[in-house]
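A short worksheet on the structure shown next.
Read-outs throughout are calculated quantities, based only on the coordinates presented, and are distinct from any laboratory measurement. Source: prediction; values computed, not measured. Cβ sites come from the backbone with ideal geometry, for glycine too, and all protein chains shown count toward neighbours.
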Amino acid sequence: MGNGENCLEYLARYVSRVAISNRRLVSCDDDQVAFQYRKPGSKRWRTMTLDALEFIRRFLQHVLPSGFMKVRHYGFLSPNARQTNDEIQQRIEEYYSGLVERLPAEKTEPTVVTCPDCGGPLRLLRVVPARVVIAYDDSG
């Protein structure tokens, strides 16, 4: 089992960048698009030429579906955060230790629902959803 570094390295390429920047586009002639790219782990730029429709297909694979949001870093995840991870962890531990101290020491017994006729305890067998009845007035 790994520690997730490979997964994080893979996802980092997609999380905070656009699919391709304008400076990497080399040319767009007729129905061909040429752009620069680098293989992961390499420092050498290479040029690839694709059919325009294939380029668009590949580009659209990086467009988020409606309702999804690109990852943004706010708060302690922001690059401008002034606190270290150790300081944040300490604050979280302090908060939750105080929360545990505030919990009630004793458990309270659940309320028992009794039968209105005999006074015996009732058991829930199943929940029956209410039926919606729509009445029409034909007198008009």
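The figures follow:
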item	result
Built amide H within the under 5 Å cut-off of Val26, gap 5+	Ala34, Phe35, Gln36
Label-point gap, in nm, between Asp117 and Glu87 - each point 7 angstrom along Cα→Cβ	6.9
